[in-house]
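All remarks here apply to the structure that follows.
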Amino acid sequence: MAAGSARYVRYILFAFFVLAVFYFVSSSDNIEPFKGQFKPNGAHHETPSKPAPASTHDSAATPEKPKQAPKVGADLNPADFPMAMTPNDPGWNDLAGIKDGPRVNATFVTLARNSDIWDIAKSIRQVEDRFNRRYNYDWVFLNDKPFDATFKKVTTSLCSGKTHYGEIPREHWSFPEHIDQNKAKKVREDMAQRKIIYGDSISYRHMCRFESGFFFRQPLMMNYEYYWRVEPSIELYCDIHYDPFRFMKENNKKYSFVLSLYEYIETIPTLWDSVKKFMKNHPEHIAEGNSMGFLSDDGGDSYNKCHFWSNFEIGSLEWLRSKAYTDYFEALDQDGGFFYERWGDAPVHSIAAGLMLKKEELHFFNDIAYFHVPFTHCPTGEKTRQQLKCHCNPKENFDWKGYSCTSRFFEVNGLEKPEGWENQQD
Ligand SMILES: Nc1nc2c(ncn2[C@@H]2O[C@H](COP(=O)(O)OP(=O)(O)OP(=O)(O)O)[C@@H](O)[C@H]2O)c(=O)[nH]1
Ligand SMILES: [Mg+2]
């Protein structure tokens, strides 16, 4: 009897053992090995966000379909790839992977010194994260000196598109022959005394003249139709859900901005006189239905100093290379104000866009949130900011404050201001 009950105890223990083994094996399928662990070689092993297909031990199971390569190209018909412009449009939330669809013949462009490397790295990272990692547009870098190996290495590693590096020829970054060096020097000394920002700088003047008249004619830029200018240390605060280059092209836009303001008159005392002379000599270049109302409060007699802030621009290179713009730049350059005063490329571009383009060819991007010290454009409208996952402080939005010209732009164009603008006036 004792031997018999010992046998039963052995049977029961054995049954428990089998059950325990069975339980351990079946539950081990849910253990994800190496999730987020550091591998011994130092590489961070990321568990794919999509769970691996459950192991069915079926060798005949259909293998996962390979992902289709994105359809990308200049030759695709835009009508087959409508852009998602609002959260209700299909594809709005598709912010992963490379975006299918046509591309515009366009590039980012940056003028920079080698010493700007970490400031431009920051800008590139923002542009890539918020937009370009899905579109892979090229990036052209321009410099009056050769770019060094570090600049090229770091920027190439951050850009998703092709990178190109160009050295600016001397004639685009020097005093033209007709400039009287003594007169220019006296101006710089006087501006230094009056503490006018960059008033004593020669290189700043070359930079402004280059951005006004030459960046779009550099050999590397000749291959492109549209550009997006990016400066060091800018911020982009919201996701960009559609391709602004395509928006520009498909809507026949030639120039765009996010911030506008009044220029320091000390830097451009005679600019408008030169512009008026140009208008008289070249009436053929002045567009009908232009934005004179944005630039002048008295029908063109005087300049109200409003300009688009050109450290952000998306625009048409073909327009800048047109006879109209070329004649305009040459007329201004002859008058010498880049050196005898301190004309900035912002008023120079803005006046050209205001006079030589039709009103409808200009565009204000409310949905591209932007910062360049010291001004912020943070989209007006809480709903818009949430939809675009913006991280800017709406109180800092400059658009409707007293020193901005954006209200005027809306009025000249008969546009309705975005909801909530009244609460952001101070
Ligand atoms: N290669 C080169 N680039 C320059 C030089 N000076 C300015 N830049 C670039 O030209 C652009 C405008 O210059 P900034 O110094 O940013 O001028 P700003 O925006 O008016 O003034 P900040 O408030 O200083 O930004 C930037 O992309 C600079 O990197 C220069 O001497 N050489
Ligand atoms: Mg700047």
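The values are calculated or read from the model by the stated rules, or taken from the named source; none is laboratory data. As the structure is a prediction and not an experimental result, all values here were calculated from the model. So basically every Cβ, Gly included, is an ideal-geometry build from the backbone, and we count neighbours across all protein chains shown. The accessibility values were calculated without ligands, DNA or RNA, using every heavy atom of the protein model including side chains. Shrake-Rupley method; radii C 1.70, N 1.55, O 1.52, S 1.80 Å.
For the range 306-324: of the residues being more than 16 Å from ligand 1 (Cβ to nearest atom) and in a loop (DSSP other than H, G, I, E, B), which is farthest from PRO374 (Cα to Cα)?
SER322
Residues checked against (1) at pLDDT 95 or above; (2) buried (at least 19 other Cβ atoms within 10 Å of the Cβ); (3) within 16 Å of the chain's Cα centre (by Cα):
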residue	(1), (2), (3)
ARG217	yes, no, no
MET248	yes, yes, yes
ASN251	yes, no, no
LYS277	yes, no, no
SER291	yes, yes, no
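Would you pick out the residues in the range 230-246 that are within 16 Å of ligand 1 (Cβ to nearest atom) and more than 11 Å from the chain's Cα centre (by Cα)?
Within the range 230-246, PRO232, SER233 qualify.
Please state which one of GLU360, GLU422 is open to solvent by 60 Å² or more (accessible area, probe 1.4 Å), away from ligand 2 (no atom under 16 Å from the Cβ), at pLDDT 95 or above and of a type in the set (Asp, Glu).
After applying the criteria, what remains is GLU360.
Starting from residues that are touching a residue at least 40 places away in the same chain (Cβ under 8 Å) and either assigned to a helix (DSSP H, G or I) or exposed (fewer than 12 other Cβ atoms within 10 Å of the Cβ) (or both), keep the ones in the range 160-192 and report whichever is farthest from the chain's Cα centre (by Cα).
Looking at residues that are touching a residue at least 40 places away in the same chain (Cβ under 8 Å) and either assigned to a helix (DSSP H, G or I) or exposed (fewer than 12 other Cβ atoms within 10 Å of the Cβ) (or both), I get LYS183.
Mind checking whether some residue in the range 376-388 is open to solvent by 10 Å² or more (accessible area, probe 1.4 Å) and β-branched (Val, Ile, Thr)?
The answer is yes; a qualifying residue exists.
Show the residue pairs meeting these rules: Cβ distance below 6 Å; 6+ apart or different chains; first residue within the range 333-354 and within 13 Å of LEU295 (Cα to Cα); second residue open to solvent by 10 Å² or more (accessible area, probe 1.4 Å) and acidic (Asp, Glu).
PRO347/GLU263
Of everything in the range 337-357 that's out of contact with any Lys or Arg (no Cβ under 8 Å at 6 or more places or on another chain) and away from ligand 1 (no atom under 16 Å from the Cβ), which residue is most open to solvent (accessible area, probe 1.4 Å)?
So, considering only residues that are out of contact with any Lys or Arg (no Cβ under 8 Å at 6 or more places or on another chain) and away from ligand 1 (no atom under 16 Å from the Cβ), the one most open to solvent (accessible area, probe 1.4 Å) is MET356.
Give me a count of the residues in the range 302-335 that are over 19 Å from HIS363 (Cα atoms), open to solvent by less than 10 Å² (accessible area, probe 1.4 Å) and hydroxyl-bearing (Ser, Thr, Tyr).
Residues flagged as over 19 Å from HIS363 (Cα atoms), open to solvent by less than 10 Å² (accessible area, probe 1.4 Å) and hydroxyl-bearing (Ser, Thr, Tyr) within the range 302-335 amount to 1.
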